[in-house]
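What follows is one structure encoded as structure tokens, with my remarks underneath.
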Amino acid sequence: MTTSEPNEPVARGRVAGRVLDGGREPDPRFTLANERTFLAWIRTSLALIAGGIAVEAFTSSVFDALTRTVLGALLLFMAALLAITAGFRWVRVERAMRHGRPLPLPVLVPVLATAGAASAVVLLVFLLLRPA
């Protein structure tokens, strides 16, 4: 069995080579940390899906139909956006590590924060304007 140096190029399949865009193999700890971050984004996406479904399914006595639909759709849109971009972020970070470049900024964070704030504002406005 032969071992290679941690930064030595490793032969991979065509798909992996195309996706990872060459470079040197990073320390496995960094790759695994990148994967854990990706999985955290996916867990958050799944939680948003559950929240969107819960709003639509269980709040008919609390919210009117339009508020329920808007809030549920916003949560599901955020979930889809987060799930899609999580994979692209994983690839961008992996490529940056392989080529010794600075890690890319998480562009999705301000978008997710804004959408989360918008959801909270919709709820707040509804609760403040709702007749007692």
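Only the coordinates and a few stated rules stand behind these numbers; no lab work does. Since the model is a prediction, treat every value here as computed from it, not as a measurement. We place every Cβ from the backbone using ideal geometry, glycine too, and count neighbours over all the protein chains shown.
Take the Cα of Leu66, step 7 Å toward its Cβ, do the same at Thr44, and the gap between the two points is 3.1 nm. Here is the size of the chain from its Cα atoms: Rg then Dmax, 20.6, 74 Å.
Karplus-derived 3J(HN,Hα) values for the stretch 88-102, using 6.51 cos²θ - 1.76 cosθ + 1.60 with θ = phi - 60°, are 5, 5, 4, 5, 4, 5, 4, 4, 4, 5, 5, 10, x, 9, x Hz; glycine and proline are entered as x. The long axis of helix 108-129 is offset from the longest Cα principal axis of the chain by roughly 10 degrees. About the centre of its Cα atoms, the stretch 30-129 shows a dipole size close to 500 debye [charges on the beta carbon of Lys, Arg (+1) and Asp, Glu (-1) only; nearest 20 debye].
So what is the 222 nm mean residue ellipticity for the chain from helices alone, if each DSSP H run of at least 4 adds -39500 (n - 2.57) and you divide by all residues, rounding to the nearest 500 deg cm²/dmol? About -25000 deg cm²/dmol.
What's the FRET efficiency of Arg101 with Ala80 using the Cβ-Cβ distance as r and R₀ = 25 Å, to the nearest 0.05? That gives a FRET efficiency of 0.30.
Along the stretch 64-71 the Karplus relation, 6.51 cos²θ - 1.76 cosθ + 1.60 evaluated at θ = phi - 60°, assigns HN-Hα couplings of 6, 4, 5, 4, 4, 5, 5, 5 Hz to successive residues, with x for each Gly and Pro. Our summary gives the chain a relative contact order of 27 percent, counting only alpha carbon pairs under 8 angstrom and 6 or more residues apart.
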